[in-house]
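Okay, so here's the structure we're looking at.
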């Protein structure tokens, strides 16, 4: 189990082929392509702190994660995460203790790494690619953006739910299934 603050940002409206070329140019190493299934749970009274519980699996590993964003800053995400044995059993458990189920979602992540900086190309249903940079500090996240020639003023520090609603008109709080095949 780990508890920490995530240092990350998102960028939208980028050309994926351009990002791939820049990642290659800086020597970032592709560490994998992952297809995730995730189940989001949250109480209505968690909205102010943007709290949620997520069960996520890539088919090999399954994680139970608590997240909270009291503000939208590069270092605002509190995260507590642990590996669990089964997504199905964890979903069943959360439902049985009356934590409200919000939605099921799918996404594909293509992950690259350069030193301690993680770069992720996120593919979600119905929206263009979302690019994320994560590292051990705000400085290192900024360094990652600089390496790729990205303008820090274009960085987004909001959750995917906010990104979907604000930038693409998709209110994930009103969606119970967010899949590629629907």
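The values are calculated or read from the model by the stated rules, or taken from the named source; none is laboratory data. It should be emphasised that the depicted structure is a prediction, and the values quoted were computed from it without experimental measurement. All Cβ positions, glycine included, derive from the backbone under ideal geometry; neighbour counts span all protein chains shown.
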Kindly establish whether residue 166 is surrounded by fewer than 16 Cβ atoms within 10 Å (Cβ to Cβ), without any contact (Cβ under 8 Å) to a residue 12 or more places away in the chain, out of contact with any helix residue (DSSP H, G or I) (no Cβ under 9 Å at 6 or more places or on another chain) and not in a loop (DSSP other than H, G, I, E, B).
yes
The correct count of residues that are outside any loop (DSSP other than H, G, I, E, B) and under 18 Å from residue 90 (Cα atoms) in the stretch 43-53 is 2
Which members of the stretch 10-23 meet the condition of being in a helix (DSSP H, G or I) and in contact with a strand residue (DSSP E or B) (Cβ under 9 Å, 6 or more places away or on another chain)?
16, 19, 20, 23
Conditions (1) farther than 13 Å from residue 16 by Cα; (2) without any contact (Cβ under 8 Å) to a residue 40 or more places away in the chain: number failed by residue 134:
(2)
Any residue that is assigned to a helix (DSSP H, G or I), under 23 Å from residue 35 (Cβ atoms) and modelled with pLDDT of 95 or more - is there at least one of those in the stretch 126-136?
no
In the stretch 143-159, residue surrounded by the most Cβ atoms within 10 Å (Cβ to Cβ) [restricted to those that are touching a residue at least 40 places away in the same chain (Cβ under 8 Å) and within 18 Å of the chain's Cα centre (by Cα)]
145
Quick check: anything in the stretch 95-102 under 27 Å from residue 19 (Cβ atoms), out of contact with any helix residue (DSSP H, G or I) (no Cβ under 6 Å at 6 or more places or on another chain) and surrounded by fewer than 17 Cβ atoms within 10 Å (Cβ to Cβ)?
no
Applying the selection to the stretch 172-182, what residues are touching a helix residue (DSSP H, G or I) at 6+ places or on another chain (Cβ under 8 Å) and either more than 30 Å from residue 100 (Cα to Cα) or at pLDDT below 95 (or both)?
172, 173
Would you check if there is a residue in the stretch 25-42 being free of Cβ contacts under 8 Å to residues at least 60 places away in the same chain and either surrounded by 17 or more Cβ atoms within 10 Å (Cβ to Cβ) or not in a helix (DSSP H, G or I) (or both)?
no
Exactly one condition in (1) buried (at least 17 other Cβ atoms within 10 Å of the Cβ); (2) modelled with pLDDT of 95 or more; (3) closer than 19 Å to residue 40 by Cα is false for residue 67; which is it?
(2)
Given the criteria surrounded by fewer than 16 Cβ atoms within 10 Å (Cβ to Cβ), touching a helix residue (DSSP H, G or I) at 6+ places or on another chain (Cβ under 8 Å) and closer than 18 Å to residue 22 by Cα, does residue 116 qualify?
yes
